[in-house]
Amino acid sequence: MIDLILSLLPPGFPWRDSIHYFPTIDSTNTQAKHLAAQGAPHGTVLIAGHQTGGRGRLGRSFHSPEGMGIYLSVILRPGCPAKDLMHLTCATGVTMCDAVEAAAGFRPGIKWTNDLLWGKRKLGGILTELSLKPDGSVDYAVVGIGLNCCQQEADFPEDIRHIAASLSMAAGHPVAPAQLAAAMVTALEAMAAAFFAPNWITRYQKDCLTVGKEISLVRGDTVRHGLAVGVDAEGALIVRFPDGHEEAVSSGEVSVRGMYGYV
Ligand code: BTN
């Protein structure tokens, strides 16, 4: 698999020697954090064909069955204050839309902040984890992405079958995992090279399907309803509440009416 992935990368690809493939791993994010703590360089990439302990946001697990998806983490060392990385998950979302478009021929949408969608179904997600130095600057960021690639509807566990999809289902033809992995790594390297370019949020707003939708915002026991009207420069969702006031929301669980069973 690794030889196939490497053969699909552009000539002279700068991260070529720091890409590692694991048929099985607990979590590429967990192992990437271990490697980063031991000094692994910027551009170290871990790709797995199966995760036994795949992790998602908010402490959830990420279903990562063997041979069905690409589970990938990259170590980034941008050498900047944490506040300059607020848009990292959004930039990664746009970048994964680019990668899926290159590998599968269609462009997914994004559910704020970190879910990749085909229509109302989830194709995958992004988990960003940061480690800071004592002075508040970023020691490393681990960006993990899981994308469902090969499943047909019946391959998903029953409890997520109605809300999950794969790239092959969306494209209407098989999508090769190695092709997807190569497209993801290529797009991530381009993202890292242009990370401080100013246009990420403009691009993100175009791909983000949450903007313009009615949402419910869950914080602890409190649920509030509002209209998502935009995304600010740091990637926070701007929500207008029924009394007309607007808030930038960067934490809590946002559900979008019509997606994943919220009606
Ligand atoms: C989410 O849906 O909340 C985010 C899912 C992120 C899953 C990816 S798979 C590769 C990397 N390793 C993990 O354990 N998680 C991320």
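Where a number appears in this text, it was derived from the coordinates with a stated rule and is not lab data. Every value quoted in this text rests on a predicted model; they were computed, and no experiment measured them. Every residue, glycine among them, receives a Cβ derived from its backbone with ideal geometry; neighbour counts consider all protein chains shown.
Considering only Ala183, Asn114, Pro10, the residue lying farthest towards the positive end of the dipole of the chain is Asn114, judged by Cα position with unit charges set on Cβ. Charged side chains reduced to their Cβ positions (Lys and Arg at +1, Asp and Glu at -1) give the chain a dipole of some 240 debye around its Cα centre. Based on Cα contacts under 8 Å between residues 6+ apart, the stretch 131-263 shows a relative contact order of 15 percent. Each pair of Cα atoms in the stretch 1-66 enters the Kirkwood radius, and Stokes-Einstein at 37 °C and 0.692 mPa s then converts it into a translational diffusion coefficient of 253 µm²/s. Here the spin labels are modelled as points 7 Å beyond Cα on the Cα-Cβ line, and at Ile160 and Glu214 they lie 2.8 nm apart. The count of lysine pairs in the chain that are at least 8 places apart or cross chains, and whose C-alpha atoms lie under 28 Å apart, stands at 16.
Between Lys133 and Ala171, full extension at 0.36 nm per residue minus the direct alpha carbon distance yields a gain of 9.4 nm.
Full extension of the chain segment joining Met86 with Ala37 gains 15.5 nm, where the gain is 0.36 nm per residue of separation less the Cα-Cα distance. Each Lys and Arg contributes +1 and each Asp and Glu -1, all at the Cβ; summed about the Cα centre of the stretch 215-255, the dipole is approximately 120 debye. Cα-based radius of gyration for the chain, normalised by 2.2 N^0.38 Å, reads 0.98.
Packing-based ranking of 65-75, 82-92 yields 65-75, 82-92, ordered from highest to lowest mean Cβ neighbour count within 10 Å. In percent, rounded to a whole number, the relative contact order of the stretch 30-107 is 28, using alpha-carbon pairs under 8 Å and six or more apart.
Membrane-span-like helices in the chain, defined here as complete DSSP H runs extending at least 30 Å along the helix axis by their C-alpha atoms with mean Kyte-Doolittle hydropathy no lower than 1.0, are absent; this is a sequence and geometry rule, not a statement about a membrane.
In terms of packing, defined here as the mean over residues of other Cβ atoms within 10 angstrom, the peptides 42-51, 205-214 line up highest first as 42-51, 205-214. A Förster radius of 45 Å combined with the Cβ-Cβ distance from Ala194 to Ser251 puts the calculated FRET efficiency at roughly 0.95.
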